[in-house]
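No value in this document is a laboratory result; all are computed from the given coordinates. For clarity, every value in this text was computed on a predicted model and none was experimentally measured. Don't worry about glycine lacking a Cβ; one is built from the backbone with ideal geometry, like all the others, and counts go over all protein chains shown.
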Amino acid sequence: MKHKIFAANWKMYKTPQQTQEFFKKFLSYDLKGDIFFFPPALCLSSALDETKNSNIQIGIQNIYTKAEGAFTGENSARTAQEMGCSTVLVGHSERRTLFHESEILSEKLQYAQSLGLKVVFCVGETLEQRENNQTEKILTEQLQSGLRKAQAQNLIVAYEPVWAIGTGKTATSQQAEEAHRFISQWLEKNNFQNVPILYGGSVKPENAPELISQPHISGFLVGGASLDPESFKKICSV
Ligand code: PEP
């Protein structure tokens with residue numbers, strides 16, 4: 001039986017009040033598997049309060065590479081950890097594209113792991129790269145660069161084809177499985193044993209059952225469909 005992991009990336013959606021309302025409903029469901037939520041930083045307190053008597057883990061969407069300092073606007077991983085966060089999201093395509101993050105990702109990952117935090121590290125190709133048969137090359141580059149200072153322990157990788165994020169266009173289960181198999185082989189070859197690999201990109205209750213049936217897909221990282229308790233519950237029930 002597969003050990004499944006479900007992670008919700010709320011991006012910059014929901015207020016503290018909406019966070020409370022979400023969890024009041026979501027916690028009434030009886031769900032199995034590891035479930036993570038990445039709410040906006042300003043909703044972390046609400047999410048942590050609401051979930052304190054549950055198995056749900058709360059993570060932060062972005063951290064800086066230092067514990068403290070003159071870094072206006074940044075989030076400290078140490079502070080997030082003291083608040084009760086267990087996990088950090090690193091390398092999401094929106095951070096790579098909108099905030100031009102690339103080299104800094106391995107520093108963020110290493111720093112989070114040095115504190116004992118888990119990391120969900122995202123990789124994925126653009127449509128242009130896929131159409132030019134560069135998917136494996138891009139995945140290799142992102143894994144090599146992002147994981148150069150990483151440990152296998154406390155690491156989860158998420159394969160998120162950029163063309164499928166927030167577009168309603170999901171990778172077919174075959175496309176996703178091929179990429180997951182490739183990532184899994186790369187991880188094993190590079191001494192990262194037993195690292196779960198999540199699929200992300202327009203996952204919905206309708207496509208989740210077929211995707212999760214693929215041998216190398218351990219679970220999902222879900223954006224849009226995680227904002228509604230009922231729809232995320234259905235995904236977590238596959
Ligand atoms: C994401 O933000 O990581 C994501 C996969 O979004 P969506 O599910 O909306 O495509």
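Observations
- Annotation note: GluC sites (Glu not before Pro) in segment 103-170 located in DSSP loop regions with a Cβ neighbour count of at most 16 within 10 Å are Glu103.
- For a label point 7 Å along the Cα-to-beta-carbon line of Thr126, residues of segment 139-167 with backbone N under 20 Å: 139-146, 159-167
- Where trypsin sites (Lys or Arg not before Pro) fall in DSSP loop in segment 108-162, at most 13 other Cβ within 10 Å: Arg148, Lys149
- Segment 5-236 shape via C-alpha gyration tensor axes, a/c threshold 1.5: oblate
- Rounded to whole numbers, the Karplus 3J(HN,Hα) couplings from phi for segment 151-161 are 10, 5, 5, 6, 10, 10, 9, 10, 8, 10, x Hz, using 6.51 cos²θ - 1.76 cosθ + 1.60 with θ = phi - 60°, and x at Gly and Pro.
- Average Cα contact separation per residue, the chain, under 8 Å, 6 or more apart, as relative contact order %: 20
- With R₀ fixed at 45 Å, the C-beta to C-beta distance from Leu115 to Glu230 puts the FRET efficiency at about 0.85.
- Each of Lys204 and Gln174 was given a label point 7 Å from its Cα along the Cα-to-Cβ line. The distance between the two points is 2.2 nm.
- Label-point gap, in nm, between Asn194 and Glu68 - each point 7 angstrom along Cα→Cβ: 3.7
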